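Read the structure below first, then the notes.
The values are calculated or read from the model by the stated rules, or taken from the named source; none is laboratory data. Computed from a predicted model, the values in this text were never measured in an experiment. Glycine also receives a Cβ, built like all others from the backbone with ideal geometry; neighbour counts cover every protein chain displayed. Quick note on the areas: whole protein, heavy atoms, side chains included, nothing else; ligands and nucleic acids left out. Shrake-Rupley method; radii C 1.70, N 1.55, O 1.52, S 1.80 Å.
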Amino acid sequence: MKQLILVTSPPACGKTYISKQLAKALKNCVYLDKDTLIVLSKQIFKVAGEEYNRSSDFFQREIRDYEYYCVLDLAMEALEYNDTVLINAPFSDEIRDKNYMRELSEKLAKIGTKLVVIWAHTRVEVCKERMIKRGSDRDTWKLAHWDEYVARCNYTKPEHIKDLIVFENSSEEEFNESIKRVVGQLKGE
């Protein structure tokens, strides 16, 4: 059976590293990263004369959802030609919306594809350390307004998702245990 794998969590939980390692371990996996679309988002901010702030009302209203529509459309197209597609993206609102997740699962089932959701669980203080270390301009506002930013994020795993795979990622030891376990689950071992 085909699989659409969503690797989700708030920013700086290690989604990209986890996703890339999973994609490498899976045979012939199409890897899609929503962050690849940031170059387009930056241009929208520029053209609209808005400050580049991916936590702003402007981003939420005019850009955010379209990035998700785009990456999911790319995934659906890739599933026509490949059995395994992995999307690296927070899905912060979608993952909490039971109807959204049910509808996505049903849409995938119609094309013989199973939805697999992986939650990257990382302690909040580790996320802050990783944000500081990566030094990305997408994190400037978040770090400058850390308490406000963290209050907006939900670091708890989405309990309503059946068969949710939790990938513990607050330390190297947790990562090593999780990668072995999760790759085995994805390969059906």
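Conditions (1) open to solvent by less than 90 Å² (accessible area, probe 1.4 Å); (2) in a helix (DSSP H, G or I); (3) at negative phi, marked per residue:
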| site | (1), (2), (3) |
| --- | --- |
| GLU103 | no, yes, yes |
| VAL150 | yes, yes, yes |
| HIS160 | yes, no, yes |
| GLY188 | yes, no, no |
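Report yes if ILE95 is under 30 Å from GLU51 (Cβ atoms), touching a strand residue (DSSP E or B) at 6+ places or on another chain (Cβ under 8 Å) and hydrophobic (A, V, I, L, M, F, W, C), otherwise no. Lay out the reasoning, then the answer.
Working: under 30 Å from GLU51 (Cβ atoms): yes; touching a strand residue (DSSP E or B) at 6+ places or on another chain (Cβ under 8 Å): yes; hydrophobic (A, V, I, L, M, F, W, C): yes.
Considered against the rule, which asks whether it is under 30 Å from GLU51 (Cβ atoms), touching a strand residue (DSSP E or B) at 6+ places or on another chain (Cβ under 8 Å) and hydrophobic (A, V, I, L, M, F, W, C), ILE95 comes out as yes.
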| request: Return the pairs, sorted by first residue and then second, in which the second residue is surrounded by 15 or more Cβ atoms within 10 Å (Cβ to Cβ), the first residue lies in the stretch 53-64 and is closer than 16 Å to GLN43 by Cβ, the beta carbons are less than 6 Å apart, and the residues are 6+ apart or on different chains. | output: ASN53/TRP141; ARG54/ARG138; PHE58/GLU50; ILE63/SER41; ILE63/ILE44
| said: Quick check on the stretch 45-64. Is at least one of its residues over 12 Å from the mean Cα position of the chain (by Cα), surrounded by fewer than 17 Cβ atoms within 10 Å (Cβ to Cβ) and of a type in the set (A, V, I, L, M)? | reply: yes
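Here's the yes/no breakdown for (1) within 24 Å of TYR155 (Cα to Cα); (2) part of a helix (DSSP H, G or I); (3) not charged (D, E, K, R):
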position	(1), (2), (3)
TYR17	yes, yes, yes
VAL30	no, no, yes
LYS46	no, yes, no
GLU50	no, no, no
ARG61	yes, yes, no
TYR66	yes, yes, yes
PHE91	yes, no, yes
| Mind checking which pairs have a first residue in the stretch 148-160 that is touching a residue at least 40 places away in the same chain (Cβ under 8 Å) and within 19 Å of ASP57 (Cβ to Cβ) and a second that is open to solvent by 40 Å² or more (accessible area, probe 1.4 Å) and in a helix (DSSP H, G or I), Cβ under 9 Å, 6 or more apart or different chains? | TYR149/TRP141; TYR149/LEU143; CYS153/VAL124; ASN154/ARG96
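Would you call PRO90 of a type outside the set (S, T, N, Q), buried (at least 20 other Cβ atoms within 10 Å of the Cβ) and either in contact with a strand residue (DSSP E or B) (Cβ under 6 Å, 6 or more places away or on another chain) or under 26 Å from HIS145 (Cβ atoms) (or both)?
When the stated conditions are applied, PRO90 passes them.
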| request: Please work out which residue is nearest to VAL7 (Cα to Cα), limiting yourself to the stretch 136-189 and to residues that are β-branched (Val, Ile, Thr) and touching a helix residue (DSSP H, G or I) at 6+ places or on another chain (Cβ under 7 Å). | output: ILE165
